[in-house]
Amino acid sequence: MDRTEKYNLSQKEQLALIGKALSSELRLRILSELEERAYNVNEIAECLQIPASSAALHVRVLEEAGLIETELRAAVRGSMKICRKKVDGIFIDLQQEEEGEIDEIRMPIGNYVDYHVEPTCGIVSQDGYIDVEDEASVFYNPARVNAKLIWFGNGYLEYRFPNVTLKKKTLRKVEVSAEICSEDHEYNMDWPSDITLWINDVEVGTWESPSDFGGRRGKLNPAWWSSDKTQYGMLKNWCVKKDGSFLDGEKISDAGLEKYNLSDKDYISVKIGIKEDAAHKGGINIFGDGFGDYPQDIVLKLSY
């Protein structure tokens, strides 16, 4: 299964993947090894005394189940895959939520309504650069609606999603997903950045991006895009339910749906960027549906 499908899985499918991942003694040993520090695939193979190809297969199963996360880093020859533990434990709720109606809104990344950006910054379409690099004023260029990759070293972009259905139905949860990563001049596998998402100016949560990812081409990147630049990001999912706010399924605060006042205005504001007091001000790349690894723009889902 390709990782692009991860957020389209039902709860039963997710549970099946977790069960598969935990059914192997070798995969349990990998999780145990990752308890203390990160390892690359070859180091895991060495620890378990198995071929590197077998270790890579086990790593993929654990990653698909959401139990570990991986990133590619430059190595002496090519690149290496670094593996980290993603969760400390698993809670299984057998009283699964019923699948209700879902309103999915896909927002092109160039359709922001407000911004503040600082260099390095720029915008590209599927065919080339939109205006010049490292000049904040180009973010007013009308051609920004064709953007497929946007980057800036500090600041934010604000998007507004319609909320007309909220006034007619009972909301169960709201989710926002986007492919993002840090931003350096080119790609930099050791470049952390604290990237924050706000809904209606209320902070949902911050993800520490480990890298401005490169070292291999993004799966969707056009041929003209240079290989020495940012190539792909990670697909992150912020979710707000009645009982709190979550990042990639992990609860990060007790702020529930009522906190965000989702039906007070004629729109839902979604802002993404770097906080003024962020510990790691490493910028942000936002990928559209023609760049990176995932064929999507910014997606907001309202579940009723």
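The values are calculated or read from the model by the stated rules, or taken from the named source; none is laboratory data. Predicted model, so just to flag it, every value in this text is computed and none were measured. Ideal geometry is used to build each Cβ from the backbone, glycine not excepted, and the neighbour counts take in all protein chains shown. Remember, those area values only see protein heavy atoms, side chains included, never the ligands or the DNA or RNA. Shrake-Rupley method; radii C 1.70, N 1.55, O 1.52, S 1.80 Å.
Does residue 127 satisfy the condition of being assigned to a loop (DSSP other than H, G, I, E, B) and of a type outside the set (Lys, Arg)? Yes: the conditions hold for residue 127.
Of the residues making up region 246-287, those that are out of contact with any Pro (no Cβ under 6 Å at 6 or more places or on another chain), small (Gly, Ala, Ser) and part of a loop (DSSP other than H, G, I, E, B) are 249, 255, 256, 263, 278, 279, 283. Among the residues of region 108-148, those identified as open to solvent by 40 Å² or more (accessible area, probe 1.4 Å) and among the hydroxyl-bearing types (Ser, Thr, Tyr) are 129, 137, 140. Within region 240-258, the set of residues being surrounded by 22 or more Cβ atoms within 10 Å (Cβ to Cβ) and not small (Gly, Ala, Ser) comprises 240 only. Scanning region 155-192 for residues that are within 26 Å of residue 283 (Cα to Cα), open to solvent by 20 Å² or more (accessible area, probe 1.4 Å) and part of a strand (DSSP E or B) yields 156, 160, 175, 188.
Out of the residues in region 137-154 that are assigned to a helix (DSSP H, G or I) and not β-branched (Val, Ile, Thr), which is nearest to residue 288 (Cα to Cα)?
Per the stated criteria, the residue is 146.
The rows are residues; the columns are (1) surrounded by 19 or more Cβ atoms within 10 Å (Cβ to Cβ); (2) of a type in the set (D, E, K, R); (3) within 16 Å of the chain's Cα centre (by Cα).
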| position | (1), (2), (3) |
| --- | --- |
| 216 | no, yes, no |
| 261 | no, no, no |
| 276 | no, yes, no |
| 283 | yes, no, yes |
| 289 | no, yes, yes |
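Filtering region 195-214 to residues that are open to solvent by 20 Å² or more (accessible area, probe 1.4 Å) and not hydroxyl-bearing (Ser, Thr, Tyr) leaves 198, 200, 201, 202, 203, 207, 208, 210. Taken as a whole, the condition of being open to solvent by less than 80 Å² (accessible area, probe 1.4 Å) and either at pLDDT 95 or above or hydrophobic (A, V, I, L, M, F, W, C) (or both) applies to residue 15.
For region 19-69, the set of residues classified as of a type outside the set (S, T, N, Q), part of a loop (DSSP other than H, G, I, E, B) and open to solvent by 20 Å² or more (accessible area, probe 1.4 Å) consists of 35, 36, 37, 38, 50, 51, listed by residue number.
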